[in-house]
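Working notes, structure below.
The values are calculated or read from the model by the stated rules, or taken from the named source; none is laboratory data. What you see is a predicted model; the values in this text were computed from it and never measured. Cβ coordinates were reconstructed from backbone atoms using ideal geometry, including for glycine residues, and neighbour counts include every protein chain displayed.
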Ligand SMILES: Cc1ncc(COP(=O)(O)O)c(C=O)c1O
């Protein structure tokens, strides 16, 4: 008798070979300071609370609006785009990225991305069993525009400001790429609200360019899973063909609308985070630590220990020490461009103070 193949053996070969994305740790127990997943330390706008309280009965009983119509309208008004058909709303911007790959990538039509950048892109491309193209930064972390323009990818994902470095891609570089790269260009602006420049205003001019945004970072709503694509209606039409029928739940749609209506509140939150960020960039530079110029809500820095050593072991040592103090930051030890750095999300003033004291403690012992 033939042995019965296992369930695993029956899966598609590329799925069997997949390495799942590993998100930053989300400890369930209290007492941790979380500076590892770039969440916003502040609560969402009070309008969010009110909108949740109103949602009972019928709206919960019925399916949500399938295209998140009001949110599309509100987003396109907010970003001053020509009409509601210039926005697509997803279950977090991760879903939008996934759907873009579903639409544009396969074994022939490749997806490209920078290293280092958001480590989800290769996973999503592997899930689709798509061909991938990688372009590397050097330690300047300046976008090598010509390398991207000539990389041959069918669609290319740029992260701006980049993760994990925080370095922003100048709008001029995006413009040049949109004109010289023959493929489709996606600018992932998950941290765009903290940046000095953005590419949203370019999507009307360049039909091969779209931008993704999220409510997770600047709008303090990572738990609600709301993201969007801003781009010409062709992108939106294609994504509408491949999404789940009701991809954004009713609560997320309402909360997204409430958040978007409170511009003043969120401008305040973003300003506060940028001030805290710049304070600590200054502080760590003062200790002689190299810091990339961050335009995001996190800081990518190369720790130096008390005997002036730096490098992967030093970074890992601080990472482990902080973990022992119940402070989570992020270490990317898989690449020489990142392995002597830590990425630290900008937290509340009190969390950053605790972090700073822990670093001083480490410096006494390291
Ligand atoms: C560069 C980048 N893009 C997209 C995302 C995903 O955001 P969302 O919560 O909207 O799925 C993240 C989250 O960390 C990110 O760092």
| Residues in the stretch 138-157: is at least one in a loop (DSSP other than H, G, I, E, B), crowded, with 24+ Cβ neighbours inside 10 Å and away from the ligand (no atom under 16 Å from the Cβ)? | yes
| said: Kindly evaluate residue 18 against the criterion of being away from the ligand (no atom under 16 Å from the Cβ), surrounded by 11 or more Cβ atoms within 10 Å (Cβ to Cβ) and touching a residue at least 40 places away in the same chain (Cβ under 8 Å). | reply: yes
| Residue list for the stretch 101-122, restricted to those being outside any strand (DSSP E or B) and away from the ligand (no atom under 12 Å from the Cβ) | 101, 102, 103, 104, 105, 106, 107, 108, 109, 110, 122
| request: For the stretch 320-338, indicate whether the set of residues that are closer than 21 Å to residue 194 by Cα, in the same structural domain as residue 27 (by TED's automatic domain parsing) and in contact (Cβ under 8 Å) with a residue 12 or more places away in the chain is non-empty. | output: yes
| message | Against the conditions (1) under 25 Å from residue 258 (Cβ atoms); (2) in contact with a helix residue (DSSP H, G or I) (Cβ under 6 Å, 6 or more places away or on another chain); (3) surrounded by fewer than 20 Cβ atoms within 10 Å (Cβ to Cβ), where does residue 88 fall short? Just the number, please. | response | (3)
| For the stretch 51-68, does any single residue satisfy the condition of being in a loop (DSSP other than H, G, I, E, B), surrounded by 14 or more Cβ atoms within 10 Å (Cβ to Cβ) and within 22 Å of the chain's Cα centre (by Cα)? | yes
| task | For the stretch 325-362, name all the residues that are touching a helix residue (DSSP H, G or I) at 6+ places or on another chain (Cβ under 9 Å) and assigned to a helix (DSSP H, G or I). | result | 349, 352, 355, 356, 358, 359, 361, 362
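Residue by residue, here is whether (1) closer than 12 Å to residue 188 by Cβ; (2) touching a strand residue (DSSP E or B) at 6+ places or on another chain (Cβ under 8 Å); (3) in the same structural domain as residue 205 (by TED's automatic domain parsing) holds:
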site	(1), (2), (3)
78	no, no, yes
81	no, yes, yes
90	no, yes, yes
105	no, yes, yes
120	yes, no, yes
125	no, yes, yes
